[in-house]
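First up is the structure itself, then whatever we jot down about it.
All of the numbers you see were taken from the coordinates with simple rules; none came from a lab. Keep in mind that this is a model prediction, so the values were computed, not measured. Backbone-built Cβ (ideal geometry, glycine too); neighbour counts: all protein chains shown.
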Amino acid sequence: MHPETHLALHHARAAELRAEADAYRLTAAARHRRDLRTRIGWTLVEVGLRLAAAPKTAAAVL
């Protein structure tokens, strides 16, 4: 294998790895925003359900 061939293969593989890293960073950022929105949404649902539930009286707790 000639040194020029090895260098060309190295540059091609480095470009592929950079493209994969960029794609991973973009999907990770999108996933993080979606996860945060989902957690906040379910927290609001839980709070709403607690507020809508009838308050328990002292007799009902025993």
Q) Under the rule of -39500 (n - 2.57) per DSSP H run of 4 or more residues, summed and divided by the residues of the chain, what mean residue ellipticity at 222 nm is obtained, to the nearest 500 deg cm²/dmol? A) -31000 deg cm²/dmol
Q) On a 0 to 90 degree scale, rounded to 10, what angle separates helix 3-52 from the longest Cα axis of the chain? A) 10 degrees
Q.
What does the net charge come to around ALA29 if you take all other residues with beta carbon closer than 14 Å to its beta carbon, with K and R at +1 and D and E at -1?
A. +3
**Q.** Charge dipole (the chain, unit charges on Cβ, about Cα centre) - positive-most of ALA14, ALA53, ALA30
**A.** ALA53
Q. With +1 on each Lys and Arg Cβ and -1 on each Asp and Glu Cβ, how big is the dipole of the chain about its Cα centre, in debye rounded to the nearest 20?
A. 480 debye
Q. Simple spin-label model, 7 Å along Cα-to-Cβ: ASP35 to HIS6 in nm?
A. 4.1 nm
Q) Rounded, prolate or oblate: which fits the chain when a ≥ b ≥ c are the square roots of the eigenvalues of the alpha-carbon gyration tensor, with rounded for a/c under 1.5 and prolate only if a/b beats b/c? A) prolate
